[in-house]
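What follows is one structure encoded as structure tokens, with my remarks underneath.
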Amino acid sequence: MEEPVLRRMAQTMVHRGPDDDGFIVTRCGGLGFRRLSIIDVEGSPQPIPNEDKTVWSVCNGEIYNYLDLRAELSGLGHHFSTRGDAEVVVHAYEEWGDGFVSRLRGMFGLAVLDTGRNRAVLARDRLGIKPLYYACQGGALIFGSELRAVVASGMVSQEIDWAAVDLFLTTMVIPAPHTVYRDVHKLLPGHCAVFEGQELQLSPYWAPPEQTVKIDAGEAEERFDALFREAVKLHLQSDVPLGFYLSGGLDSSALVAAAAEASGSPPTTYSVGFDASSHNELPYARKVAQEFGCDHHELMVTADAAAVLPRIVSACGEPFGDSSAIPVYRISEAAAESLTVVVGGDGGDEILAGYHWIRRRRVAERMQRLPQPLRALVAGMAKGHLTRPTWRGKFARLCEDADLSPLAHYCRNMSSLPPDVRTAVYAGPLRDQLIKDCPADFLGPHFDGSGAALDQITQTDLAFYLPDDILCKVDRMTMLHSLEGRVPFLDHQLVEFCLSLPMDLRLNGLSSKHVLKRVMKGVLPESILRQRKHGFSVPMVRWMQDDLHADARRLLLSDKAMSRGLFQADGVRQMLDDHRAGKRNLAHALWNMLVLEVWFRVQLDGTPTGPGDAPPLCDL
């Protein structure tokens, strides 16, 4: 690979690394890198070689145990030329071969180029915090931290994978290993790829534990507290300004409390609020900030913030439908004015049974113990006595959940496009996908019948929802603003411990995150421990009825959109009308369709635009 190609690829990711760049070309391949300086700011250029320059590496992310590894490797005779964390990668590979990645504690997408053996090794961290895309074309391996970089090589086809688009429209994301392009793939979390002899071999090096341990509540709390505080301390390593995203929820509040104790100084915090009281957690965030004397910053997000959708889509490189990317974009934009590293509470829900669908599944399992006739009688009585329509609807859904398998229940919660609407609105190449049961066909292998239903749901959240939605959003929106996002709850030692706990220590009755609440009792205000989870979700139901309705109708029913032949005009019009009239909640289905149309316009129609060049939504 020639250096101009590497430079063209790297240029698409200047936002990920505005501080420095580096390139090397050898007889068996080349590496390029854009650096965001965090540790050893003045030193540690990449790509970085071993002592005789036969092995080179690049690493996007952080190796939090680099000091321990550096000491061990130095004792084994390796010589280090920098103070940074990334240099341990090349020496660890020299010492331990392909198994080196199991020694790393951190978040990373990395590559090692071994010129002596004419081979390359790729690896992605265990939970998928950092991304890594790749393609094999014409006997060559092309890879990068973003999809746009791989495409910029000019060496891969941009043929669209319509099965991946179908998955996006039904689940809001394109899950790994798929991308929107048929010939480009995402490396799965916890996997390595070895390219040797023009062949690529993929293999897992880590999997979350599936067996629980016997442990009493007191010991569980003590061990969790120690691992949690150790993870927070490791994630505070930085030679540049560091702060926190404080949602006001339990997870981010616990991080701020632990950081305040570990650092001995008031943390810098950023919070976002909404003009809809049902989605606004600013009062809780403010309370936590006051409790720990934080240097606290707040901003409000309204529907006009959706104007940045084209920039979000361009940054992702492919359709991405989680609308909470909007507030994460805005808060990252604000934090980047004073910070280079931000720490967030993502991952706590996955490892501590925090999501509503896990609680609902527990309710469904208890209702399944009742005979069907008795369930029907209870449902009928409730229908007559529950006065509010929302209460009646929620109870009816709980009754329906009791008749669903764990897979069907999970798909119901993950699907944003109802099956009847999918059938009515699909056209052209998307209509060919109707023979599939989406997303059940994709998610089905995670529900093989072994293990308890709640554990299967947890494992699926870790393998699918966490890396392909939550972590993708955090990485793209922070890095778009040249911020490094860190997630201490996903320290793999903490993750392994939490997943080995009996479910009742994670979900006690219907109270989630039980062990964390016990540890934080007396540390955080009681109101934080008791409050209902909100997160950074936006009031999309209302937005799509009012503020965004005109843009959605204009773009989705435009001649340009209809010429793509993907959706039936009458079906789209019916969706828009039904949602606006309050007949059906199709907000997220419409948002996904809008995202897809925006992606076509900023990436495929004419010259692709970078995130900084993408026009506002109203100008498309």
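Where only DSSP H runs of four or more residues are counted, the chain gives -12000 deg cm²/dmol as its mean residue ellipticity at 222 nm, each run worth -39500 (n - 2.57).
Taken as Cα centroids, segment 243-321 and segment 487-533 sit 20 Å apart, rounded to the nearest whole angstrom. Within segment 78-164, the chymotrypsin sites (Phe, Trp or Tyr not before Pro) that combine a DSSP coil assignment with at most 16 other C-beta atoms in a 10 angstrom radius are 80. Dipole orientation for the chain: of the candidates 511, 82, 252, 511 has the Cα lying most toward the positive pole (charges on Cβ; Lys, Arg +1; Asp, Glu -1).
Report the one residue of 198, 38, 579 whose Cα lies farthest in the direction of the positive end of the charge dipole of the chain (charges on C-beta: Lys and Arg +1, Asp and Glu -1; origin at the Cα centre). Projecting each Cα onto the dipole axis, the largest value belongs to 579. Projected onto its three principal axes, the C-alpha set of segment 180-273 covers 53, 40, 29 Å, listed from the longest axis down. Beyond 17 Å, the tail of the calculated P(r) for segment 541-620 holds 44 percent of the Cα pairs. Note on segment 423-530: Cα-Cα pairs beyond 25 Å make up 47% of the total pair count. Solvent-accessible area assigned to carbon and sulfur over segment 494-620 amounts to 47 percent, based on a 1.4 Å probe. Legend: residues 172, 107, sorted from most to least accessible area (1.4 Å probe; ligands, DNA and RNA excluded), read 172, 107.
Here the 3J(HN,Hα) profile of segment 260-265, calculated from phi with Karplus coefficients 6.51, -1.76 and 1.60 at θ = phi - 60°, is 4, 6, 5, 8, x, 9 Hz, Gly and Pro shown as x. Once the Cα-Cα distance is subtracted from the 0.36 nm per residue extended length, the residue 216 to residue 200 segment shows a gain of 1.2 nm.
Shape summary of segment 193-244, radius of gyration then Dmax from alpha carbon positions: 19.1, 54 Å. Stokes-Einstein diffusion of segment 1-139 at 25 °C, 0.890 mPa s viscosity, Kirkwood radius from Cα pairs, rounded to a whole number: 161 µm²/s. Calculated translational diffusion coefficient of segment 466-618 (10 °C, 1.306 mPa s; Stokes-Einstein with Kirkwood radius over alpha-carbon pairs) equals 81 µm²/s. On a per residue basis, the convex hull of the C-alpha atoms belonging to the chain measures out at 159 Å³. Applying 1/(1 + (r/R0)^6) with R0 = 51 Å to the Cβ-Cβ distance of residue 2 and residue 290 gives a FRET efficiency near 0.35. Projecting the Cα positions of 472, 220, 453 onto the charge dipole of the chain (unit charges on Cβ atoms of Lys, Arg, Asp and Glu, taken about the Cα centre) puts 453 furthest along the positive direction. Karplus-based coupling profile of segment 43-51, in residue order and whole Hz: x, 6, x, 10, x, 10, x, 7, 5, with θ = phi - 60° in 6.51 cos²θ - 1.76 cosθ + 1.60 and x standing for Gly or Pro. Volume of the convex hull of segment 402-461 (Cα atoms only), normalised per residue: 94 Å³.
Calculated FRET efficiency, residue 564 to residue 338, Cβ-Cβ distance, R0 = 56 Å: about 0.85 to the nearest 0.05. Measuring gaps between exposed loop sites in the chain (GluC sites (Glu not before Pro); DSSP loop; at most 11 other Cβ atoms within 10 Å), the longest gap, sites not included, is 338-620.
Stokes-Einstein diffusion for segment 474-537 at 20 °C, viscosity 1.002 mPa s, with a Kirkwood radius from C-alpha pairs, works out to 151 µm²/s.
Does segment 1-64 come out rounded, prolate or oblate by the C-alpha gyration tensor, with a ≥ b ≥ c the root eigenvalues, rounded set by a/c under 1.5 and, if not, prolate when a/b is larger than b/c and oblate if not? Oblate, since a/c reaches 1.5 and b/c is not below a/b.
When +1 charges are put on Lys and Arg Cβ atoms and -1 charges on Asp and Glu Cβ atoms, the dipole computed for the chain relative to its Cα centre reaches about 2200 debye. For residue 343, the residues 5 or more places off, or on other chains, whose built amide H falls under 5 Å of its own are 243, 244, 245, 486.
The values are calculated or read from the model by the stated rules, or taken from the named source; none is laboratory data. Computed from a predicted model, the values in this text were never measured in an experiment. Cβ atoms come from the backbone with ideal geometry, glycine included; neighbour counts cover every protein chain shown. Surface areas here come from the heavy atoms of the whole protein model, side chains and all, with no ligands, DNA or RNA. Shrake-Rupley method; radii C 1.70, N 1.55, O 1.52, S 1.80 Å.
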